[in-house]
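Student: The following block contains the structure, expressed as structure tokens.
Read-outs throughout are calculated quantities, based only on the coordinates presented, and are distinct from any laboratory measurement. Note that this is a predicted model, so its numbers are computed, not measured. Reconstructed Cβ throughout: ideal geometry from the backbone, glycine too, with neighbour counts over all protein chains shown.
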Amino acid sequence: MSTTDILAARGKRLVAGTGALATAVALGATLLAAAPAQATPGPAKPFGVVTAKKGLSERQYPSTDSSVRGYLRHRAHVGLVCKVRTQSVGGNSVWYLTRAERGTWVAAKYVTNSGQVKYCKDVHRTRVQANHPAKHTVG
């Protein structure tokens, strides 16, 4: 085998190896770029972030006269189902129904929403079980 033939064979292997390496690098870059997006999906929209420095009470109904069912800390993320206009809190009459298991209400005055929150068409109060608190459903 001549020197030219040996160099030609090595060149073909080198080109083939370079192509495989380029493919592997491109695939690796694609996977690395996609990994962070899959690792941190974030909350489902619409959701809200509590802005009240002292936190926010979750209420059974959209009113400050209603009983407190829970508490959300400052900067807590909460899923939002829909909104209604009712009792004004600090000049804002909007209240959000949360996606929490117990279906609580929070005053929109202290929640910054992300995504469009639709108005509730109709809210019903039904009992889940005799020993559990009332649960709201949107119907």
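Student: State which entries of LYS45/LYS83; LYS53/LYS118; LYS53/LYS121 exceed 22 angstrom in Cα-Cα distance in the structure shown.
Tutor: LYS53/LYS118; LYS53/LYS121
Student: Can you compute the FRET efficiency between VAL49 and GLU101 using 1/(1 + (r/R0)^6), with r the Cβ-Cβ distance and R0 = 25 Å? Round to the nearest 0.05.
Tutor: On the way: r = 20 Å, r/R0 = 0.79.
Efficiency, from the Cβ-Cβ distance: 0.80.
Student: Quickly work out the SER88-to-ARG73 label distance, labels modelled 7 Å from Cα along the C-beta direction, and quote it in nm with one decimal.
Tutor: A separation of 3.4 nm, rounded to one decimal place.
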